[in-house]
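What follows is a single structure, written as structure tokens, with notes after it.
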Amino acid sequence: MNVALAKTTTGATLDGTFAAARGRLPGTGPVVETRQRAFDQFAVTGLPTRRVEEWKYTDLRRLLGDVAPLAGAPDQAALAEARKAVAALKDGDTQKLVLVDGVFAADLSSFSAGNGVTVHALSAVLADDTSAVRADLLLSTVNDPMLALNAAFATDGVIISVADGIDCATPLQIVHVTTKPNTAAFTRSLIRIGSKAKVTLVETFVATEAAKAYQVHDTTVMWVGDDADLQHVRVMEDAHDAASIASAIVTVGARAKFNTFSLTTGGGVSRYQSFITLAGENSELSTNSVHLLRGQQHGDCTFVIDHAKPGCLSRETFRAVLDDRAHSVFQGKISVHQIAQQTDGKMMSRALLLSDDAEIDNKPELEIFADDVQCGHGATVGALDDSLLFYLRARGLPEKEAESLLIQAFVGEALESIVNDDLRDVAIGAAERWLGTRV
Amino acid sequence: MPALLEVKNLQVRVEEREILHGLTLTVNAGEVHAIMGPNGSGKSTLSHVIAGKPGYEVTGGEILFKGEDLLEMEADERAAKGVFLAFQYPVEIPGVATMTFLRTALNAQRKARGESEFSTPDFLKKVREVAASLNIPQDMLRRGVNVGFSGGEKKRNEVLQMALFQPSLCILDEMDSGLDIDALRIASEGVNALRSSERAMVVITHYQRLLNYIVPDHVHVMSKGRVVKTGGKELALELEASGYAQYEDVAA
Ligand SMILES: Nc1ncnc2c1ncn2[C@@H]1O[C@H](COP(=O)(O)OP(=O)(O)O)[C@@H](O)[C@H]1O
Ligand SMILES: [Mg+2]
């Protein structure tokens, strides 16, 4: 196939989609201009193919085909279904902010304002002609076609601001619910954590029964202030024929802590790409990502960590359990700026292959310009250990139970990284759902 | 009533090589049998085949357990029926807490037998009792299965499981290897406490020493994949004095 032709073809198809959607997208004036620039930027490559280095193992043109038409705003029936899906979540005590088919649903949310935490719907701020910063909400510090596409189409999201010194005891939770088949939702949320503030943020992705072959395009922009502490837990359980393309752009201040955990069991095609800049000295970053995939699922976990200031510590772990023909991608990049001395950055990928046809691609990258640093990466790939399996079976565990126990042990360490007991249980619950549906 | 365990003319191959060449052994409930023999004579192979470890090809003979064909069952079915192998080298399972493992295993066995699962308090009480009798500290139960355990602790953990599962056939493979005298005494006391008229033990060992602690009713000498001599407990002492060399020729 001719590449240039494919590019224009996709661009042209989407041009129509963008033109059709434009009337529905919130914002006027500078917002419209920013959207158009973002769309033009996207159109340069269209959906990235394997020829785009950062997307080498996740060829979206091949895996997605095209971008689905923009989902319509949810009607009462959709909201009622979404309400049930939210009620079914066993997330303990959280303050929920619910996005249904890409639109903030205040009625389904359980957020109580005050105590130094404010929440706005992105759509409202984009549409507010008196806001001087509204167009900036769509800008990214990262140049990536899918981030650009998200900026062009973003319909809604939440803007959360936590004031300095606030210890937010109850976790904040953004719940994405999809109710419609064959459409795409584009959401964008921005979270600013003030200095010395302490916050736990949960992101949950689910769908109702009716939702099939849908696409979720999400971006989360986070700022973690100096001496702040952000505990982030993301659980993605979208339908197995859905696509989920999500990005996080995180800026971490000085002496701050950012601990992020993500579990992916859903999505036929998924990518979670996280761009984290350690922009202040002596901060600590810990990322733990888990893929539990089967069937034909393709999951991509990409972390780009930028050590821009001295004395920061970063620990990245990735664990994948892959069955059937599932395919996992882990790309981990650690960049250390020249001034970022005493950087300590390590990443580790471990994959457990339950089938001969399962596949993992690891792409570690170190880019180091400082001389006094400790950086490293490692990767292991293996099957379940036969001698351990026999020991368990000799003690009475049937085959699947013995395997489950060893799989749980394999992902257990990553789950342990979740500090909040309730949220750890949420992640364990999602992992158990995956194990429970193994055949 | 059939014998508890009947191994008849068992022939076993591993990777195209015959290891057991027609082994016969009958064990009745209430009896303790010792199987002695030099390294490489096939003792562990026999224990693995009885427990149902994959990778062994049975080319002849049969194994009956309470009259049932054991070779037709998966390892976990055998465990639920009452077959227990205390491993020569118990494996370490990082990430699986000993307590979780014990409860999962016990309840899996009970479920397979159509019995109700143990309630958590009953289970904990039972484990604590047994652990205390074997000098197993509580914190060991919270750690990963055998992770960071000394050789002696691993063997005691095997005895703990035996006491918990109450199997009718216990096969102890080289329980004495790597144990000092104190550890050996504690583990042996644990085993002796389980001797009963409903239960049989097959104690596999290279050395006579263990049999001072666990006194057998019958002793079998194995060499090159066969039982070459059977006698009473005095046979073990004889072997201690004269060594295995005399049996090498018999088997050849
Ligand atoms: N998995 C295996 N693959 C190949 N040979 C084996 C295997 N297991 C045991 N053997 C061989 O079978 C023989 C008996 O071994 P084993 O049963 O371990 O003896 P013992 O326990 O009496 O020391 C030895 O010659 C050993 O090398
Ligand atoms: Mg042996």
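Summary table below
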{"item": "Qualifying residue in the stretch A:139-148 (condition: surrounded by fewer than 16 Cβ atoms within 10 Å (Cβ to Cβ) and either among the acidic types (Asp, Glu) or not assigned by TED's automatic domain parsing to the domain that holds A:Gln215 (or both))", "result": "no"}
{"item": "The listed residue being assigned by TED's automatic domain parsing to the domain that holds A:Leu138, modelled with pLDDT of 95 or more and surrounded by fewer than 24 Cβ atoms within 10 Å (Cβ to Cβ), out of A:Thr208, A:Thr187, A:Thr179", "result": "A:Thr208"}
{"item": "Selected residue (only one of A:Phe153, A:Phe186 is under 30 Å from A:Ala19 (Cβ atoms) and more than 17 Å from the chain's Cα centre (by Cα))", "result": "A:Phe153"}
{"item": "Pick from the stretch B:1-12, criterion more than 16 Å from ligand 2 (Cβ to nearest atom), part of a strand (DSSP E or B) and surrounded by 15 or more Cβ atoms within 10 Å (Cβ to Cβ), ranking: nearest to the other protein chains (Cβ to nearest Cβ)", "result": "B:Leu5"}
{"item": "Exclusive hit being more than 14 Å from every other protein chain (Cβ to nearest Cβ), among the aromatic types (Phe, Trp, Tyr), within 16 Å of ligand 2 (Cβ to nearest atom) and on the phi < 0 side of the Ramachandran plot, set B:Tyr213, B:Tyr247, B:Tyr207", "result": "B:Tyr207"}
{"item": "Selection status of A:Leu415, within 12 Å of chain B (Cβ to nearest Cβ) and either touching a helix residue (DSSP H, G or I) at 6+ places or on another chain (Cβ under 7 Å) or surrounded by 13 or more Cβ atoms within 10 Å (Cβ to Cβ) (or both)", "result": "yes"}
{"item": "Cβ pairs under 6 Å, 6+ apart, first in the stretch B:49-73 and under 15 Å from B:Ile19 (Cα atoms) and in contact (Cβ under 8 Å) with a residue 12 or more places away in the chain, second of a type in the set (Phe, Trp, Tyr) and assigned to a loop (DSSP other than H, G, I, E, B)", "result": "B:Val49/B:Tyr56"}
{"item": "B:Thr24 more than 16 Å from ligand 2 (Cβ to nearest atom) and of a type outside the set (Lys, Arg)", "result": "yes"}
{"item": "Pairs with Cβ under 8 Å, 6+ apart, first in the stretch B:125-143 and touching a residue at least 24 places away in the same chain (Cβ under 8 Å), second among the basic types (Lys, Arg)", "result": "B:Leu134/B:Arg156; B:Asn135/B:Arg156; B:Ile136/B:Arg156"}
{"item": "Which numbered condition B:Gln88 misses (of (1) at pLDDT below 95; (2) in contact with a His (Cβ under 8 Å, 6 or more places away or on another chain); (3) under 14 Å from B:Val202 (Cβ atoms); (4) not hydrophobic (A, V, I, L, M, F, W, C))", "result": "(2)"}
{"item": "Residue that is surrounded by the fewest Cβ atoms within 10 Å (Cβ to Cβ), among those in the stretch B:138-173 that are within 16 Å of ligand 2 (Cβ to nearest atom) and over 24 Å from B:Ala29 (Cβ atoms)", "result": "B:Gly151"}
{"item": "Qualifying positions in the stretch B:21-52 - more than 9 Å from ligand 1 (Cβ to nearest atom) and of a type in the set (D, E, K, R)", "result": "B:Glu31"}
{"item": "Meets criteria (over 30 Å from A:His337 (Cβ atoms) and surrounded by fewer than 16 Cβ atoms within 10 Å (Cβ to Cβ)) for A:Asp357", "result": "yes"}
{"item": "Filter result for B:Lys233 (surrounded by fewer than 18 Cβ atoms within 10 Å (Cβ to Cβ) and either within 16 Å of ligand 1 (Cβ to nearest atom) or of a type in the set (Lys, Arg) (or both))", "result": "yes"}
{"item": "Hits in the stretch A:278-292 - residues which are surrounded by fewer than 24 Cβ atoms within 10 Å (Cβ to Cβ) and touching a residue at least 60 places away in the same chain (Cβ under 8 Å)", "result": "A:Ser286, A:Asn288"}
{"item": "Selection from the stretch B:42-62 of residues that are more than 9 Å from ligand 2 (Cβ to nearest atom), more than 11 Å from every other protein chain (Cβ to nearest Cβ) and outside any helix (DSSP H, G or I)", "result": "B:Tyr56, B:Glu57, B:Val58, B:Thr59, B:Gly60, B:Gly61, B:Glu62"}
{"item": "Tally of residues being of a type outside the set (Asp, Glu) and without any contact (Cβ under 8 Å) to a residue 12 or more places away in the chain across the stretch A:37-49", "result": "1"}
{"item": "Any strands (runs of 3 or more DSSP E) falling wholly within the stretch B:80-193 and containing at least 3 residues that are more than 10 Å from chain A (Cβ to nearest Cβ)", "result": "B:169-173"}
{"item": "Single residue of the stretch B:63-79 satisfying the filter (away from chain A (no Cβ under 14 Å) and more than 15 Å from B:Thr26 (Cα to Cα)) that is farthest from ligand 1 (Cβ to nearest atom)", "result": "B:Glu72"}
{"item": "Members of the stretch A:376-394 found to be in contact with a helix residue (DSSP H, G or I) (Cβ under 8 Å, 6 or more places away or on another chain) and within 11 Å of chain B (Cβ to nearest Cβ), listed by number", "result": "A:Asp385, A:Leu388, A:Leu389, A:Phe390, A:Leu392, A:Arg393, A:Ala394"}
{"item": "Contacts under 6 angstrom Cβ, first residue in the stretch A:114-130 being under 19 Å from A:Arg35 (Cβ atoms), partner polar (S, T, N, Q), 6 or more apart", "result": "A:Val125/A:Ser131"}
{"item": "Residues that are in a strand (DSSP E or B) and closer than 14 Å to A:His232 by Cα, drawn from the stretch A:161-188", "result": "A:Leu172, A:Gln173, A:Ile174, A:Val175"}
{"item": "The stretch A:395-408, residues that are surrounded by fewer than 20 Cβ atoms within 10 Å (Cβ to Cβ) and at the interface with chain B (Cβ under 7 Å from one of its Cβ atoms)", "result": "A:Pro398, A:Glu401"}
{"item": "Test: residue in the stretch B:112-121 that is surrounded by fewer than 23 Cβ atoms within 10 Å (Cβ to Cβ), within 15 Å of ligand 1 (Cβ to nearest atom), more than 24 Å from B:Pro2 (Cα to Cα) and of a type in the set (D, E, K, R)", "result": "no"}
{"item": "Number of the exception - B:Met201 against (1) surrounded by fewer than 20 Cβ atoms within 10 Å (Cβ to Cβ); (2) outside any helix (DSSP H, G or I); (3) within 17 Å of the chain's Cα centre (by Cα)", "result": "(1)"}
{"item": "Test: B:Ala97 is on the phi < 0 side of the Ramachandran plot, in contact (Cβ under 8 Å) with a residue 60 or more places away in the chain and in contact with a Leu (Cβ under 8 Å, 6 or more places away or on another chain)", "result": "no"}
{"item": "Test for B:Val32: is it touching a Leu at 6+ places or on another chain (Cβ under 8 Å), at pLDDT 95 or above and more than 14 Å from every other protein chain (Cβ to nearest Cβ)", "result": "no"}
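The values are calculated or read from the model by the stated rules, or taken from the named source; none is laboratory data. This structure is a prediction, so every number in the text was calculated from the model and none was measured. Methodologically, a virtual Cβ is constructed for each residue, glycine included, from the backbone with ideal geometry; neighbour enumeration extends over all protein chains shown.
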